[in-house]
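Comments concern the structure below.
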Amino acid sequence: MSGPQNLTIDIYSDVMCPWCLIGYGQLTKALQELEGEIAAEIRWRPFELNPHMPAEGEEQEAHLQRKYRRSAEEGAALRGQMKAIAEGAGVSLSYEGEGEAPPAMMWNTRDCHKLLTFALEQAGPEVQTALKLALFRAHFNARKPLGDREVLLDIAASVGLHREAAKAALGDPDLEARVLAEEAQAWDMNISGVPAMIVAGKFLIPGAQAPEVYVNALRRVAEKTRATT
């Protein structure tokens with residue numbers, strides 16, 4: 001009997017995006033169901049929801065009210081729905097620190113994407129995913145200031161990346177150019193929202209889907225991939 005079908009899954013995502021974390025949780029459930037059938041290599045690709053966000057960030061609720069023209073009541077209802085969906089997906093959007101929760105913030109994520117690209121290039125997809133999940137936890141569960149490079153370097157070191165090498169990467173203009181080129185490529189592929197998953201380099205699964213949707217889509221891609229090899 002042949003082994004599992006190998007597939008690459010490139011996930012365009014932003015650390016500020018709760019649906020990206022939910023989508024990853026749902027994808028993980030799907031891959032667990034497909035164990036022995038499909039083996040996936042997950043790679044995270046950059047997408048900035050707010051590329052012009054100032055370094056000092058912006059209070060989350062004020063930002064979302066301004067950007068999407070929704071009321072505080074509508075925002076609270078949506079957050080409640082997302083937290084419930086996240087729980088079902090096996091991930092958390094809730095503050096888990098000690099004491100009273102600090103205000104939820106939105107940050108400029110360019111440096112996050114630079115570190116994620118550095119992690120993929122220098123350490124591979126598994127370490128990159130560990131970094132991505134650590135950044136999600138820092139943002140949603142610990143409410144750390146992801147616009148602060150020292151905070152980012154602490155997170156990078158926590159997943160085994162060399163701190164000084166990561167610091168050099170943040171100041172590397174060539175690395176930033178690669179991040180911006182990948183973001184431009186996403187727009188060229190008509191990706192205007194995240195998460196967006198590109199399977200086997202050409203099949204798009206948009207949005208955070210239910211696990212069974214991912215299962216069915218990945219099976220179809222695996223069949224098409226086998227048919228062409």
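In the set (1) within 20 Å of Ala130 (Cβ to Cβ); (2) of a type in the set (S, T, N, Q); (3) surrounded by 12 or more Cβ atoms within 10 Å (Cβ to Cβ), the condition left unmet by Gln32 is number (3).
Yes/no matrix, rows are residues, columns are (1) under 14 Å from Met16 (Cβ atoms); (2) part of a strand (DSSP E or B):
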site: Ala39; (1), (2): no, yes
site: Leu49; (1), (2): yes, no
site: His52; (1), (2): yes, no
site: Glu56; (1), (2): no, no
site: Gly80; (1), (2): no, no
site: Ser92; (1), (2): no, no
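When residues in the stretch 1-18 are screened for being in a loop (DSSP other than H, G, I, E, B) and not charged (D, E, K, R), 7 of them pass.
Residues that are out of contact with any Phe, Trp or Tyr (no Cβ under 9 Å at 6 or more places or on another chain), closer than 21 Å to Gln5 by Cα and among the small types (Gly, Ala, Ser) within the stretch 179-228 comprise Ala200, Gly201, Ala222, Ala227, listed in sequence order.
For Gln5, state whether it is more than 16 Å from the chain's Cα centre (by Cα), buried (at least 17 other Cβ atoms within 10 Å of the Cβ) and over 23 Å from Trp107 (Cα atoms). So Gln5 passes the test. Going by what's in this entry, would Val194 be described as within 20 Å of Leu21 (Cβ to Cβ), aliphatic (A, V, I, L, M) and touching a Lys or Arg at 6+ places or on another chain (Cβ under 6 Å)? No. Here the condition is being modelled with pLDDT of 95 or more, open to solvent by 60 Å² or more (accessible area, probe 1.4 Å) and under 19 Å from Asn141 (Cβ atoms); of Trp19, Trp44, it holds for Trp19 alone.
Which of the residues that make up the stretch 183-193 are open to solvent by less than 70 Å² (accessible area, probe 1.4 Å) and assigned to a helix (DSSP H, G or I)? Across the stretch 183-193, the qualifying residues are Glu183, Ala184, Ala186. Could you check Ala101 against (1) assigned to a loop (DSSP other than H, G, I, E, B); (2) touching a helix residue (DSSP H, G or I) at 6+ places or on another chain (Cβ under 6 Å) and say which number it fails? The one condition Ala101 does not meet is (2).
The values are calculated or read from the model by the stated rules, or taken from the named source; none is laboratory data. What you see is a predicted model; the values in this text were computed from it and never measured. Heads up, the Cβs are rebuilt from the backbone with ideal geometry, glycines too, and the neighbour counts pull from every protein chain shown. Just the protein is used for accessible areas: all its heavy atoms, side chains included, with ligands, DNA and RNA removed. Shrake-Rupley method; radii C 1.70, N 1.55, O 1.52, S 1.80 Å.
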